[in-house]
Amino acid sequence: MNVSVERFGAAAVVTMRRVEKRNSLSLEMMRELNGTLAELDGDREVRVVILAGDGPAFSAGHDLRELRGREHEAYVEIFEECVRLMTRVQSIRQPVIAEVNTVATAAGCQLVATCDLAIASTNARFATPGVRIGLFCSTPMVALSRAIGQKRAMQMLLTGEMINAETALEWGLVNRVVAPDDLRTATLALAAKIAEASGEIVGIGKSAFYRQIDLDQASAYAYTKDVMVQNAQLANAQEGISAFLEKRVPSWLG
């Protein structure tokens, strides 16, 4: 197995363990991650997912050995699975936090940019170096440009140069930078804070966020208005409002 799952209260830590290959995203690894996330999506006890990488790299991106001398169908299969994985990260109901210990490059950087939140250690480095080996990071650019904007994304994509954790924080690729020894504590603390809310309501909000993000303003307001109308009628919304007004802790139904 290339992937393990550990439970810490309401959080599930999914760890990539293809250490000898720097957690490169082989077809097998991506399938395992996809399957694991699908299983967790159906687990009502899991409120937050943390995605981590064991060893010297968070993920070094695609396994280049799988990209040499293959037939057309093989390339289609690999990149379609990658798109499915990135889509899965944002479509499951739980927020996904990337816990970035060291290096995240190419599709590994894409994975960080795709996650809903990211916390990095001061040792973390990020790059999209495909241009240097003749394979432009075209799918990584989708997540990267949405996370950090056009000019900064183009700088990373065209130069292939590494950026450090502090730059990633400044650019909005990660939410927080902590000392390496504090990384797991910080991600679990963030997960616990998120898990204080209703999982049902968080799931509604996550889905709505990605649905509205690329709409024009008028369409976004029309869509989110309908979401709020439906949300307001749910038992968890009524419980939360009542708890606030009555100055008590809410008792969520899910």
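The values are calculated or read from the model by the stated rules, or taken from the named source; none is laboratory data. Just so it is clear, the model here is predicted, and its values are computed rather than measured. Because the Cβ atoms are built from the backbone with ideal geometry, glycine has one as well, and the counts that use them run over all protein chains shown.
Odds and ends about this structure:
Table: residues versus (1) assigned by TED's automatic domain parsing to the domain that holds Ala113; (2) closer than 30 Å to Ala52 by Cα; (3) modelled with pLDDT of 95 or more.
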{"site": "Thr187", "(1), (2), (3)": "yes, yes, yes"}
{"site": "Phe209", "(1), (2), (3)": "no, yes, yes"}
{"site": "Gln212", "(1), (2), (3)": "no, yes, yes"}
{"site": "Leu215", "(1), (2), (3)": "no, no, yes"}
{"site": "Ala218", "(1), (2), (3)": "no, no, yes"}
{"site": "Tyr223", "(1), (2), (3)": "no, no, yes"}
{"site": "Val229", "(1), (2), (3)": "no, no, yes"}
{"site": "Ala237", "(1), (2), (3)": "no, no, yes"}
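- Subset tally (residues that are polar (S, T, N, Q) and more than 22 Å from Gly9 (Cα to Cα)) for the stretch 160-200: 3
- Test: residue in the stretch 44-55 that is out of contact with any His (no Cβ under 9 Å at 6 or more places or on another chain), touching a residue at least 24 places away in the same chain (Cβ under 8 Å), in a helix (DSSP H, G or I) and within 26 Å of Gln155 (Cα to Cα): no
- Test: residue in the stretch 140-153 that is assigned by TED's automatic domain parsing to the domain that holds Val48 and either touching a His at 6+ places or on another chain (Cβ under 9 Å) or within 22 Å of Gly55 (Cβ to Cβ) (or both): yes
- Considering the stretch 44-69, and only residues there that are of a type in the set (D, E, K, R) and surrounded by 13 or more Cβ atoms within 10 Å (Cβ to Cβ), the residue that is nearest to Gly130 (Cα to Cα) turns out to be Asp63.
- Top-ranked residue in the stretch 215-254 [being part of a loop (DSSP other than H, G, I, E, B) and touching a Ser or Thr at 6+ places or on another chain (Cβ under 7 Å); ranked as nearest to Val46 (Cα to Cα)]: Gly254
- Count of the stretch 8-35 residues which are surrounded by fewer than 16 Cβ atoms within 10 Å (Cβ to Cβ) and small (Gly, Ala, Ser): 2
- Flag if Val103 is in contact with a helix residue (DSSP H, G or I) (Cβ under 6 Å, 6 or more places away or on another chain) and surrounded by 14 or more Cβ atoms within 10 Å (Cβ to Cβ): no
- Some residue of the stretch 101-123 being touching a His at 6+ places or on another chain (Cβ under 6 Å) and either among the hydrophobic types (A, V, I, L, M, F, W, C) or over 29 Å from Ile201 (Cα atoms) (or both): yes
- Residue tally, condition over 22 Å from Lys206 (Cβ atoms), small (Gly, Ala, Ser) and under 16 Å from the mean Cα position of the chain (by Cα), over the stretch 25-56: 1
- Against the test of being of a type in the set (A, V, I, L, M, F, W, C), in contact with an Asp or Glu (Cβ under 7 Å, 6 or more places away or on another chain) and within 24 Å of Val174 (Cα to Cα), the options Ala52, Ala57 yield a single qualifying residue, Ala52.
- Condition check for Arg84: surrounded by fewer than 20 Cβ atoms within 10 Å (Cβ to Cβ), of a type in the set (Lys, Arg) and without any contact (Cβ under 8 Å) to a residue 12 or more places away in the chain: no
- Residues that are over 16 Å from Ala104 (Cα atoms) and more than 19 Å from the chain's Cα centre (by Cα) were ranked within the stretch 137-158; the one that is surrounded by the fewest Cβ atoms within 10 Å (Cβ to Cβ) is Lys151.
- Residue list for the stretch 161-212, filter: small (Gly, Ala, Ser) and closer than 30 Å to Ile133 by Cα: Ala165, Ala168, Gly172
- The residue list Ala98, Ala74 contains one member that is closer than 29 Å to Ala179 by Cα, among the small types (Gly, Ala, Ser) and assigned by TED's automatic domain parsing to the domain that holds Ala52, which is Ala98.
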